[in-house]
Every structure is written in C-alpha cells, then in structure tokens.
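See below for the structure under consideration.
Every read-out reported here was derived from the displayed coordinates using simple, explicitly stated rules and does not represent laboratory data. All of these numbers come straight from a predicted model, not from anything done at the bench. Note that each Cβ is placed from the backbone with ideal geometry, even for glycine, and that neighbours are counted across all protein chains shown.
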Amino acid sequence: MKLFILYLLLTINAFADVGEFSLKSEKTLYIVDGDSISMQMRIAGIDTPEMRQKCRKTQDEVINCGRISKKYLQKILQSLPGELHIEPVGIDHYQRILVRVYKGDVNIAKLMVEAGMAFSYKNTYKTEEDVARELRLGFWNFHTPPIEPYKWRRLNKN
C-alpha cells in the first residue's frame, strides 16, 4: 500500500511538471470511490505477455508468463534504490497515458527487456532484446518462450 501511495504522489508530481493534458475517453480512469480516481498508464517502448498468456518453463510445466512479468516489475520497483520518476510521453490508441518509468537512474522498460521479461515494442529496445535472447535470460531460457503479446492478443480476441 505504501508503494501505491508513493507511486500516486509521484505520478501527480510528474503530471504537475507537464501541465494540463486531455483524454478523449474516461475509459482511462478507474473510479476508486467518490473522491478518488486512478489512471491507466502504459510503459512506453515495451510489450509484456498478457495476464492470461501461457508458456512452457519446462517441457512438462505450463506457466502464466503474464503474471511472471508482472511480479518481476513489482519486485524491481520495490527493490531498486532511488526515487520513482514517471514521465508522461504521450497517449496511446487505447487512451492510456504512455510513460517512461525510472527508479533512481534505472530505465525500467530497458531493464525489463534486458532481463528477458519484456519484448521491445517495435525497435525501441531491439538490441537489448537480442542480447537477452542470445544469453537466454528470463523467458528466453524457457522450454517454449511466450509468443509476442500482439500475436497472442490477435489469436485470443475473445
């Protein structure tokens, strides 16, 4: 809970530096209660497996790769030293706020890709993804790594 409150305060501070911005849809907002809202944000430059996306860690062990990626993000945000800095960089086609996230001086998106826990979105971190694949880090060490999330979403529209 403390991490969430810190995250929310830093997010508000980050947007205060940017000034005013507008969203075309209220779908980006999550209404917590009568006087609290939360906003959906997406880390720019990466794509991670969806929450229901499965992969094979070993030949006999099917696991949820989306949850593993989520847990890894939670772990690094909690364990890395320094302040959390969230920098809005745009709005995506789903009306989510695109952000760059740093913990101290660490670029979280780049770290996720370097650890083999995220795909590079387009070519943003393609070199880092190639190195992680070559070194068989994270998902790339699994018996069957996850397919690219955009392909999985296309196959699982329902």
Please state, as a whole number in µm²/s, the translational diffusion coefficient that the Stokes-Einstein equation yields for region 119-158 at 25 °C and 0.890 mPa s, with Rh defined as the Kirkwood radius across alpha carbon pairs. 220
Quick one: what are the phi-derived ³J(HN,Hα) couplings along region 120-135, Karplus 6.51/-1.76/1.60 with θ = phi - 60°, whole Hz, x for glycine and proline? 5, 7, 6, 10, 4, 10, 4, 4, 5, 5, 4, 5, 4, 5, 4, 7
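At a Förster distance of 35 Å, what's the computed FRET efficiency of SER36 paired with ARG154, Cβ-Cβ distance as r, to 0.05? Let's see the in-between values first.
Working: r = 35 Å, r/R0 = 1.00.
About 0.50, to the nearest 0.05.
Starting with the highest mean, order 32-39, 78-85 by the number of other Cβ atoms within 10 Å, averaged over the residues of each peptide.
Values: 32-39: 9.6, 78-85: 12.1.
Descending mean neighbour count gives 78-85, 32-39.
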Please list the non-local residues whose amide H lies under 5 Å from the amide H of ALA115, H modeled 1.01 Å from N, same-chain partners needing a gap of 5 or more. none
